[in-house]
Amino acid sequence: MKLTIRPLTSEDVAAVYTIERSSFPRPWTRDIFEELGRMRGYTLLRSSERLVALVAQVDRQVVGFIIWEDSPSQHRGRILNIAVDKSFRRRGIGERLMRHALEDMRAIGVVTCELEVRESNSAARLLYAKMGMVPCDRIPLYYGDEDAIRYRITLPSSQG
Ligand SMILES: CC(C)(COP(=O)(O)OP(=O)(O)OC[C@H]1O[C@@H](n2cnc3c(N)ncnc32)[C@H](O)[C@@H]1OP(=O)(O)O)[C@@H](O)C(=O)NCCC(=O)NCCS
């Protein structure tokens, strides 16, 4: 299986949005993905933050994506969304997306990365634990119907 990880483009939006809708009970709206596609995977939010979107591709098929937020002034990153097409799960694609995002963060000087996950999402929680992330907080009813567990990792410095 030849896996490529690259920034999201407009041509990927339909595939990525199909994965989003089949992965989450409350999917993001399509316009966020369209905006990211138009901006070739990078878009500015507010004053200094930006979103970064990467897709995983096997042969010519888009099979997963990851979206993270970067707050350069605080040296902090936050993974906002990750999903892999159901028929491509358990093949290491989620792990590759996570590694790629964490390495990109480290390379631009991000020191800590955090994310929130549904308490019951054991597949994702095991993935984050495998990445070396540790649970550090619980946010009651973060999803309306369920608590979130916050995971955090301190990234090695880009000098070392
Ligand atoms: C979470 C998700 C992205 C994982 O993607 P994936 O490509 O299947 O994960 P990988 O194959 O890279 O798995 C890497 C590690 O994660 C853990 N893991 C992933 N899925 C798992 C599962 N169903 N059961 C147990 N462990 C699992 C394992 O530790 C695995 O390592 P191993 O294969 O050596 O055991 C995928 O299940 C998904 O898209 N889920 C729906 C969307 C979602 O919940 N996203 C997270 C929102 S916070």
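Summary of values
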quantity	calculated
Tally, over the range 101-160, of residues that are assigned to a loop (DSSP other than H, G, I, E, B), more than 18 Å from HIS75 (Cα to Cα) and of a type in the set (Val, Ile, Thr)	0
Candidate set: the range 32-89, residues that are within 16 Å of the ligand (Cβ to nearest atom) and more than 23 Å from ALA15 (Cβ to Cβ); chosen: the one surrounded by the fewest Cβ atoms within 10 Å (Cβ to Cβ)	ARG78
Close pairs from the range 111-134: first within 6 Å of the ligand (Cβ to nearest atom), partner among the basic types (Lys, Arg) and at pLDDT 95 or above, Cβ under 7 Å, at least 6 apart	VAL117/ARG125
Conditions (1) more than 6 Å from the ligand (Cβ to nearest atom); (2) over 20 Å from TRP28 (Cα atoms); (3) surrounded by 17 or more Cβ atoms within 10 Å (Cβ to Cβ): number failed by LEU97	(2)
Residue that is surrounded by the most Cβ atoms within 10 Å (Cβ to Cβ), among those in the range 140-152 that are touching a residue at least 12 places away in the same chain (Cβ under 8 Å) and either farther than 13 Å from GLU114 by Cα or not hydrophobic (A, V, I, L, M, F, W, C) (or both)	TYR151
Strands (runs of 3 or more DSSP E) wholly inside the range 1-96 that include at least 3 residues being under 12 Å from the mean Cα position of the chain (by Cα) and closer than 27 Å to THR112 by Cα	50-58, 61-71, 76-84
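The values are calculated or read from the model by the stated rules, or taken from the named source; none is laboratory data. It should be emphasised that the depicted structure is a prediction, and the values quoted were computed from it without experimental measurement. So basically every Cβ, Gly included, is an ideal-geometry build from the backbone, and we count neighbours across all protein chains shown.
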